[in-house]
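Below you'll find the structure, written out as structure tokens, and then a few comments.
Values quoted throughout were computed directly from the atomic coordinates according to the rules given, and no laboratory measurement underlies them. This is a predicted model, so every value here is computed, not measured. Neighbour counts run over all protein chains shown; Cβ positions are idealised from the backbone, glycine included.
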Amino acid sequence: MWAETVAVTGAGSGIGRAVLLAAAARGARVAALDVDTVAATAAADAALAAGAADAVAVACDVSSEPSVVAAFDAAAAAVGDPGAVFANAGIEVNAPLHLFPVSSWEQVVAVNLVGVFLTCREALRRLVEAGRGGSIVCTSSPAAFVGHSGGGNSAYAASKGGVSAFVRSAALDYAPHGIRVNAVVPGATDTAMLTTGGADPDVIRAAAAIQVPLGRLGRPEEVAAAVLWLLSDEASYVTGSHLVCDGGLLA
Ligand code: NAI
């Protein structure tokens, strides 16, 4: 059985967009939340074309409490309260740690960690009130589990480590409500996040792929398949877990 309504943050691009479209293809009503409203609107249009029962694009900056509250209100008014939520929006800022600006640290933590908290809080408030259980998936990263030398990746790693710890405790707190909370751990996935950053995207792709045991980058659709399973009732006995979808990177 599939949740009738699915909300996705960071739905305008990459993994979030792929999850939105995969849920749409199963006939769900979907809400595409993104700070980039043009991308969110395009994703919602694509969701309708993919078979969504209904779709809405909602402006949402996950790092802002009023924005997240308003976005959940708008999404609920348009397509109904979500029974499944993908807290996925994230950013990456890389710089040598000894030169890392506090403002960049705060920005990464605000989007990646506070954003997951705010998204989950709004989702949980509504799911608890509805009393029908539910499923939340948050996007973590291999950076939560292993170091990555030379990339200036510490702020991102700290934020994703926080997401993974958050998921475990939230899962325990809401298990009595029948609400499952899990994390997906995408490996190097071919999205704008991976390929944006100055260098030739093909050079970035090749350098990342060479480190992957399966010898290639992941496709957003492959991560989406893992997320859809966690969001669905097929994963009804899975909570507090991390589903690693990384081509063997963490093996
Ligand atoms: P992406 O850059 O293609 O998509 C990210 C989306 O989040 C964009 O649509 C962007 O507008 C949105 N966004 C950014 N800041 C936002 C904010 N404050 N509020 C709402 N939306 C915001 O990146 P991708 O790869 O799809 O990333 C999705 C998640 O996957 C992120 O949490 C990222 O950290 C994680 N991840 C990605 C990996 C990769 O190799 N691509 C690997 C491991 C984790």
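Inter-label distance, ALA209 to LEU172: 4.3 nm, where each label sits 7 Å from its Cα along the C-beta direction.
The Cα center of region 182-208 and the Cα center of region 32-100 differ in position by 21 Å.
Quote the FRET efficiency, to the nearest 0.05, computed for LEU48 versus ALA165 with a Förster distance R0 of 45 Å and r equal to the Cβ-Cβ distance.
On the way: r = 37 Å, r/R0 = 0.82.
E(calc), rounded to 0.05, equals 0.75.
Taking θ as phi - 60° and the Karplus parameters 6.51, -1.76 and 1.60, the scalar couplings of region 80-96 work out to x, 5, x, x, 9, 9, 10, 8, 10, 4, x, 9, 9, 10, 10, 6, x Hz in sequence order, x denoting glycine and proline.
To the nearest 0.05, what FRET efficiency results for ARG219 and SER149 with a Förster distance of 25 Å applied to their C-beta separation?
So, using R0 = 25 Å, E works out to roughly 0.40.
What share of Cα pairs, in percent, lie more than 21 angstrom apart in region 103-251? Everything past 21 Å amounts to 47 percent. Computed extension gain for ASP200 through LEU250, at 0.36 nm per residue and net of the alpha carbon distance, reaches 15.4 nm.
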